Number of protein chains: 2
Amino acid sequence: MKRLTLKDVAKLAGVAPSTVSFVLNGKGKQMRIRDEVASRIMQVAEKSGYEPHRMAVNLRTGQSKTLGLIVESISGSFFASLAKTIETEAERRGYNVVYCSTENNAQKGGELIRMLGRQMVDGYLITPAPGMEKEIQQLVQQHKPVVLMDSYFPSIKTPYVLINNFDGVQQGMKHLIGKGLTKIGFVMVDVKLIQIEERLRGYTTALKEHKIPVKKKHILQLQYHRQREDSLNELQAFIEANPELDAIFFSTNYLGILGLEVIARMGLKMPDDIAVLCFDDHDIFRLYPPGISVIEQPIEGIAKTAIDLLMHQLDKNSGPMKKTAVELPGKFILRGSA
Amino acid sequence: MKRLTLKDVAKLAGVAPSTVSFVLNGKGKQMRIRDEVASRIMQVAEKSGYEPHRMAVNLRTGQSKTLGLIVESISGSFFASLAKTIETEAERRGYNVVYCSTENNAQKGGELIRMLGRQMVDGYLITPAPGMEKEIQQLVQQHKPVVLMDSYFPSIKTPYVLINNFDGVQQGMKHLIGKGLTKIGFVMVDVKLIQIEERLRGYTTALKEHKIPVKKKHILQLQYHRQREDSLNELQAFIEANPELDAIFFSTNYLGILGLEVIARMGLKMPDDIAVLCFDDHDIFRLYPPGISVIEQPIEGIAKTAIDLLMHQLDKNSGPMKKTAVELPGKFILRGSA
DNA sequence: TACCTGTGCTAAATCGATTTTGTTAAAATT
DNA sequence: AATTTTAACAAAATCGATTTAGCACAGGTA
């Protein structure tokens, strides 16, 4: 009942192991194996159910045919959809994927990358968190194939894909403003990440374009690592301190969920007491009455593009890339909250 | 900048490769390598940052040090917590994990198991779905280490861990009945799985124990694979057909979420118009006003126990197991809905 | 006839570890 | 003093593939 090896197949077919290897790897013609012999080998391999030993192949070829996917949180719904698409896309190309989450642990990112390196992944798909910059930089310097998703570091020259954050926020803001709302609050975290800055820029630009003054006190920057309860309180204080607000734009779904809790706690009704819009969809938003309007991320597009970019790097004999920085449009989804 | 091999370390330390291998694998004493030499080797290995080549080790030892985790859906919150705990527990023991989801695809389960076999995982952690029975049976017959989670097949003799479904439902029912509610509906799916049957048994037993008649029309069996919209309609029809119901027990969180949608659609208020209880917690339930009371699964316990059971099988020189079937108690969490 | 050129395959080296078997000098035993 | 043990490593086989180099034979050329 033990595993069938290439040698066994060779014996069964009455040829040398190397011959079998050539045929099974499609190098039969090139090595001028007769069609007759080749097809016999194929037959034997087929009906004996031979499967090459992964580790042996990897050892010899130096390719693990494995990609590493590093995300912030495995529990997030962003990750869930991302992982699904990436896995199927990778599998189509003969790769498989190992997942890792940094779980918002600043230093854990580095360990993870090293861990994956130890396991010899052929390439990396990373949603960068603050604090992983050095590690990613190293990977790139070591010429490891890397694609960043959802964000990027301007200092690191490696391909990335993300939603067009600026445009996404603009879409939402235009909707709010179009409904006549002008006192619009903006809630963000204070981490210095490109995507966050872009969202803020979308907010201020939209206001300016409509000649609405941008007020600093309408922008709340929550600290990144905080007790959940503290954030809730701060958020509540913000809303209470600005009773004139008729809408709030939450720049991430985590913030949006906090917002829902605070709004419920304060007994406010959406959208009349306050309209709510959130960047990045979440299961809860579909369900939570009256339905939270969101900017949806083109997750499938991001995943597919990321794999494409990575495969292009893995493919040694493909020219230089034309587009290494991809921004995909988000989709505004109108629900009851705004 | 190429990888450091064991040979390189040997050269640096001025000994043979085999000697290095012995020392690094803790067989130095056994192979009577002098402490002096051993520590020199350790030093060299340390400061050269040598990491053994995984694939080579695997090839030689025949162990991939990898576990396969097969779940129904990667997106589920049950999976999310499960995966996290399992991954950290596995890592503590030097294993890593590859995930796969069957995504409710009956036949996909088999493929997955085969795919994992190809990749040579050392053991399997599976949340069995209907239709995977044969494949799992095969694994067990091939003496592959397998642990089932969340459910099991009585016909297959392999260790499993799950929540005590019967007791969990009992806890919830006792609460409802204790509040004086007697017209309690029960919503379930019609798949023939142990855990579902146990939950139903918990429901009927609790009623009987309190001398409340069990009415067939208060039990709704939704078909497993249905359009979401169809299920919603059927659920709504059920509630409308039984206006006397003062509480509903949803036997899975998926059903509970459907329930929330229907209840909102019908304009009913929890808990006064109708009380709601759900088996298996979900992010949404914490948030959705007025908070949905649930039976929470001891996910961490399940994960840890599962790993323990699996490791025990992987450990050849450990005696037979005492407990191969573990049931862990669930926890009743009271929120606003019941 | 000797030499070259293709054919069609096989033998052997290789990847980087682990593990079994060997080797040599010193110590212990008879 | 001759022989056996033991200490302390080194050498070589092995895992299961891929890949390079090689080998025998047929036919064409000089």
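Values for this structure:
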{"item": "Residue order, fewest to most beta carbons within 10 Å, for B:Lys331, A:Lys322, A:Lys192", "result": "A:Lys322, A:Lys192, B:Lys331"}
{"item": "For the protein assembly as shown, with +1 on Lys and Arg beta carbons and -1 on Asp and Glu, the positive-most of B:Gly172, A:Asn58, A:Phe22 along the dipole", "result": "A:Phe22"}
{"item": "Charge dipole (debye, nearest 20) of the protein assembly as shown; +1 at Cβ of Lys and Arg, -1 at Cβ of Asp and Glu", "result": "2800"}
{"item": "Sequence-distant aspartates and glutamates (8 or more away, or on other chains) whose Cα lies within less than 14 Å of B:Lys157", "result": "B:Glu133, B:Glu135"}
{"item": "Cut-off 18 Å (backbone N to label point 7 Å along Cα→Cβ of A:Lys316), residues of the stretch A:58-92", "result": "A:58-66"}
{"item": "GluC sites (Glu not before Pro) within the stretch B:224-268: DSSP coil, no more than 10 neighbouring Cβ in 10 Å", "result": "B:Glu244"}
{"item": "Cα coordinate range in the protein assembly as shown, projected on the principal axes (Å, largest first)", "result": "76, 69, 60"}
{"item": "Net dipole in debye of chain B [+1 Lys, Arg Cβ; -1 Asp, Glu Cβ; about Cα centre; nearest 20]", "result": "1500"}
{"item": "Gaussian network model of chain B, Cα within-10 Å springs - most flexible of B:Arg32, B:Arg93, B:Arg201", "result": "B:Arg32"}
{"item": "Relative contact order [Cα under 8 Å, 6+ residues apart], chain B, whole percent", "result": "16"}
{"item": "Charge dipole of chain B about the Cα centre (unit charges at C-beta), most positive-ward option of B:Ser48, B:Pro159, B:Ile248", "result": "B:Ser48"}
{"item": "Estimated FRET transfer efficiency (A:Lys211, B:Lys269; beta-carbon r; R0 41 Å; 0.05)", "result": "0.40"}
{"item": "Ascending list, in nanometres, of distances separating the B:Arg226 label from those of the other copies (7 Å, Cα toward Cβ)", "result": "4.4"}
{"item": "Highest-MSF residue in chain B out of B:Lys84, B:Lys27, B:Lys65 [GNM, Cα springs under 10 Å]", "result": "B:Lys27"}
{"item": "Entries of A:Lys65/A:Lys331; B:Lys217/B:Lys323; B:Lys65/B:Lys322; A:Lys179/A:Lys323; A:Lys174/A:Lys217 with Cα pairs more than 31 Å apart", "result": "A:Lys65/A:Lys331; B:Lys217/B:Lys323; A:Lys179/A:Lys323"}
{"item": "Extension reserve of the B:Tyr224-B:Ala241 stretch, reckoned as 0.36 nm per residue once the Cα distance is removed", "result": "4.0 nm"}
{"item": "Between the stretch A:172-244 and the stretch A:268-332, the alpha-carbon center distance in angstrom", "result": "20"}
{"item": "The stretch B:255-335 - charge dipole about Cα centre, Lys and Arg +1 at Cβ, Asp and Glu -1, debye rounded to 20", "result": "180"}
{"item": "Residue exposure sequence - B:Asp150, B:Asp35 - by fewest surrounding Cβ within 10 Å", "result": "B:Asp35, B:Asp150"}
{"item": "Label-point separation, A:Lys2 to B:Arg40 (7 Å along Cα→Cβ), nm", "result": "3.8"}
{"item": "For the stretch B:272-321: relative contact order, % (alpha-carbon pairs under 8 angstrom, 6 or more apart)", "result": "27"}
{"item": "Cα-derived Rg to Rh of chain B, Kirkwood definition", "result": "1.13"}
{"item": "Among B:126-132, B:46-52, the order from most to least packed when residues are scored by Cβ within 10 Å on average", "result": "B:126-132, B:46-52"}
{"item": "Residue order, fewest to most beta carbons within 10 Å, for A:Asp122, B:Asp315", "result": "B:Asp315, A:Asp122"}
{"item": "Mean Cα-pair separation over length for the stretch A:22-105, i.e. relative contact order, pairs under 8 Å, 6 or more apart, %", "result": "28"}
{"item": "Residue of A:Val71, A:Val97, A:Val214 that the Gaussian network model of chain A assigns the largest fluctuation, springs spanning Cα pairs under 10 Å", "result": "A:Val214"}
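All of the numbers you see were taken from the coordinates with simple rules; none came from a lab. Since the model is a prediction, treat every value here as computed from it, not as a measurement. With ideal geometry, Cβ positions are generated from the backbone for all residues, glycine too; neighbour counts draw on all protein chains shown.
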